[in-house]
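Chemist: Shown below is the structure under consideration.
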Amino acid sequence: MGKTISCSVLLALISCFYLLFATALDTITPSKSIKDPDVIISQNGVFRLGFFSLANSTNRYVGILYNQIPVQTVVWVANRNRPLKDSSGILNISDDGNLVVSNGKAEVLWSSHVNNTAPNATTAQLLDSGNLVLSNGEDGASSLWESFEDPSNAFIETMKISTDVKTGRKVELKSWKSIDDPSDGNFSFGIEPFNIRELVIRNNNQLYFRSGPWNGNIFIGLKYMYTDNLDGFEVSTDKPPYYMTYESSNESMLIYYELDSQGKFVEREWDAGKGDWSKNYPIIQTDCDVYGKCGAFGICDSMKRTICSCLKGFEPRNIEEWSRGNWSSGCFRTTPLQCQRDNNNGNGAGQGDDGFLEMKMMKVPVFPARSSIINGECKDQCMKNCSCMAYAYDSGIGCMMWSGDLIDVQKFSTGGVDLYIRMPSSELDKGKSSKIIVITTVIAGIVVVITISALFLWRRMAKHKGRNRKRKQLKHQFCSENKGENSIGVKLHQLPVINFEELATATNNFNHAKKLGQGGFGPVYRGTLDDGNEIAVKRLSKASGQGLKEFMNEVVVISKLQHRNLVRLLGCCVEGEEKILVYEYMPNKSLDTFLFGMEIMEGRRYLGHSRQSDFRVRIIFKE
């Protein structure tokens, strides 16, 4: 009985101790800090906060990592620019109520830098969202600092990338210097107010990439971006602070985004099957995505071998640089706008004799002026202002107009909007004239092709008729010369006259690889007719001196020698100087094997000769 009570008390004490410990498992307090290599873990074990090192480095950092992913994945680093050189680090709440990282010499390497009126009641809690929140415990709800508001290079669910134009405060990603060095790199990623909100990447504070304006559904300067791609994303641009955040609707899918050291905004999705993160580049995909690649009034097209060219009516400002592939100097207008000439001549700011060149599926230039006027009035509004160089219309944005240089124009293969470039009518007329010339040339070319084709067809038909007449004459000649021998005459009458083109096709144009052998009067080729039958084709050599009479005599002799063990003569061909005999093709071995069961010769199929009219004819046996 006593043992039972003692065990019950012991279990109760263990349970109480566990509950007390569990409440502090995800929290740092003034009395509870973490030392290397200790960690705290979020309530459901999604993230952990603690000390770590990167590959190829002995430096120690304090950061937030995915806890249940077997691959070390860091989403936030506290002391990224001041690493610990040993394992003496400690993360705690200091006397002034700030969260700090210090080394064994009590030197502060990183701090949350907040003013705290109640330092003794301050706690830092790691949430399952991956957000580390420093709060004042007086009311239990006031947040003093959050890791989400001081991000590193990772953009994770429920985090907000934001810009407050009233206070000037920006929450943006900052790339690592390299994969093994989390210190501040060259690139930053954030949301830029401009006249219309856009996502931007900067390289050392210089504009490096822009997404194009937000139209309420998508950023219109991103290729292959549709509303479906933004499942879970929210972009707020109605009033400051402007922000972008996301929360995946698929709980089984783990995705986060990273600004890598090369300035690419990378989507990473966990692949449980491979046990690693898959990678996708949803923003910067080609050189054309780099801001201002082709300079002012240049257009970038990644589908072309030379990606940069000038807009119509413009020429490169520096030919030598362009020839070396440096297009940053851009282009200049070759013919002034008519409205500019009118202004210079003192004719006022009238509309002038200008027009607009339509360019479809374009990434619009940077810095558009926005107007709420309807689409039909956009062109007229731009035409009235001589400084208006281009306009475009999007139903979610309204009318966009550009003055001054047109920079960062890109041609898309899909998506984008229609962009209208202001040009003098003389340049537009050149385009129309060029189209007329092209159309006329095409029509003339078609007429020539049809004429040549008709002539070729007529000659082919005439040639075909001539061959048919020649075949009939040849058959008649065979029959008349052998009319005394009825059986032979019948066979000759039944003997087909085969088209030379058919035999050329069957032997692959008498290809050497098809050659079976060489006789005194010409080579023999193996061939295959259109119906699949294999044949042996004897082509009389022009140097043999054999004439039509001798050729006909050979046919007569072979016809007389028809036998079940002899190779059959299937047909002949007489066209021009060509005289050809066509036999059935048989595989190797000779009649000797057939009759006596012994192989006297391997290979080709000749037994002897016969002579008629002083002309030798090979007698070929079945093998």
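Let's see how each residue does on (1) buried (at least 20 other Cβ atoms within 10 Å of the Cβ); (2) in the same structural domain as VAL46 (by TED's automatic domain parsing); (3) outside any strand (DSSP E or B):
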residue: LEU65; (1), (2), (3): no, yes, no
residue: GLN68; (1), (2), (3): no, yes, yes
residue: ARG82; (1), (2), (3): no, yes, yes
residue: GLY97; (1), (2), (3): yes, yes, yes
residue: GLY104; (1), (2), (3): no, yes, yes
residue: THR117; (1), (2), (3): no, yes, yes
residue: GLN125; (1), (2), (3): no, yes, no
residue: GLY130; (1), (2), (3): yes, yes, yes
residue: LEU134; (1), (2), (3): yes, yes, no
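Chemist: Of the numbered conditions (1) surrounded by 18 or more Cβ atoms within 10 Å (Cβ to Cβ); (2) modelled with pLDDT under 95, ILE307 satisfies every one except a single condition; which is it?
Modeler: If we test ILE307 against (1) surrounded by 18 or more Cβ atoms within 10 Å (Cβ to Cβ); (2) modelled with pLDDT under 95, just (2) comes out false.
Chemist: Checking the condition surrounded by 19 or more Cβ atoms within 10 Å (Cβ to Cβ) and within 25 Å of ASN59 (Cα to Cα), which residue from SER261, SER211, SER175, SER183 passes?
Modeler: SER175
Chemist: Moving on to the next point. In the stretch 102-137, which residues are among the β-branched types (Val, Ile, Thr) and closer than 17 Å to PRO151 by Cβ?
Modeler: Of everything in the stretch 102-137, those that are among the β-branched types (Val, Ile, Thr) and closer than 17 Å to PRO151 by Cβ turn out to be VAL114, VAL133.
Chemist: Against the definition (touching a strand residue (DSSP E or B) at 6+ places or on another chain (Cβ under 6 Å), of a type in the set (Lys, Arg) and assigned to a loop (DSSP other than H, G, I, E, B)), how does ARG48 come out, yes or no?
Modeler: No, not satisfied.
Chemist: When ASP287 is evaluated against the numbered criteria (1) surrounded by 15 or more Cβ atoms within 10 Å (Cβ to Cβ); (2) of a type in the set (D, E, K, R); (3) without any contact (Cβ under 8 Å) to a residue 60 or more places away in the chain, which criterion, by number, is the only one it fails?
Modeler: All conditions are met except number (1).
Chemist: Filter the stretch 159-192 for residues that are more than 31 Å from the chain's Cα centre (by Cα), assigned to a loop (DSSP other than H, G, I, E, B) and hydrophobic (A, V, I, L, M, F, W, C) and give the result.
Modeler: The one that is more than 31 Å from the chain's Cα centre (by Cα), assigned to a loop (DSSP other than H, G, I, E, B) and hydrophobic (A, V, I, L, M, F, W, C): VAL165.
Chemist: Can you report the number of residues in the stretch 136-158 which are part of a loop (DSSP other than H, G, I, E, B) and aliphatic (A, V, I, L, M)?
Modeler: 2
Chemist: Next question, about the same structure. Among the candidates ASN250, ASN280, which residue alone is touching a Gly at 6+ places or on another chain (Cβ under 9 Å), within 29 Å of VAL71 (Cβ to Cβ) and free of Cβ contacts under 8 Å to residues at least 60 places away in the same chain?
Modeler: ASN250
Chemist: Restricting to the stretch 193-228, name every residue that is in contact with a strand residue (DSSP E or B) (Cβ under 9 Å, 6 or more places away or on another chain) and part of a strand (DSSP E or B).
Modeler: GLU198, LEU199, VAL200, ILE201, ARG202, ASN203, LEU207, TYR208, PHE209, ARG210, TRP214, PHE219
Let's see how each residue does on (1) touching a residue at least 24 places away in the same chain (Cβ under 8 Å); (2) farther than 25 Å from PHE265 by Cα:
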{"residue": "SER88", "(1), (2)": "yes, yes"}
{"residue": "LEU91", "(1), (2)": "yes, yes"}
{"residue": "GLU107", "(1), (2)": "no, yes"}
{"residue": "ASN116", "(1), (2)": "yes, yes"}
{"residue": "LEU134", "(1), (2)": "yes, yes"}
{"residue": "LEU144", "(1), (2)": "yes, yes"}
{"residue": "ILE156", "(1), (2)": "yes, no"}
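Chemist: On to the next question. Out of the strands (runs of 3 or more DSSP E) lying entirely within the stretch 339-445, which hold 1 or more residues that are of a type in the set (Lys, Arg), at pLDDT 90 or above and not assigned by TED's automatic domain parsing to the domain that holds ASP301?
Modeler: So the answer is 354-363, 369-371, 409-411, 417-424.
Chemist: Moving on. Working only within the stretch 293-302, note down all residues that are surrounded by fewer than 22 Cβ atoms within 10 Å (Cβ to Cβ) and out of contact with any Ser or Thr (no Cβ under 6 Å at 6 or more places or on another chain).
Modeler: LYS293, ALA296, ASP301
Chemist: Six or more apart or on different chains, Cβ atoms under 6 Å: show the pairs whose first residue is in the stretch 495-520 and buried (at least 17 other Cβ atoms within 10 Å of the Cβ) and whose second is in a loop (DSSP other than H, G, I, E, B).
Modeler: Correct list of pairs: ALA506/LEU529; LYS514/THR507; LYS514/ASN508.
The values are calculated or read from the model by the stated rules, or taken from the named source; none is laboratory data. Note that the coordinates shown come from a computational prediction; the quantities given were computed from them, not determined experimentally. All Cβ positions, even for glycine, are placed from backbone atoms using ideal geometry, and neighbour counts span all protein chains on display.
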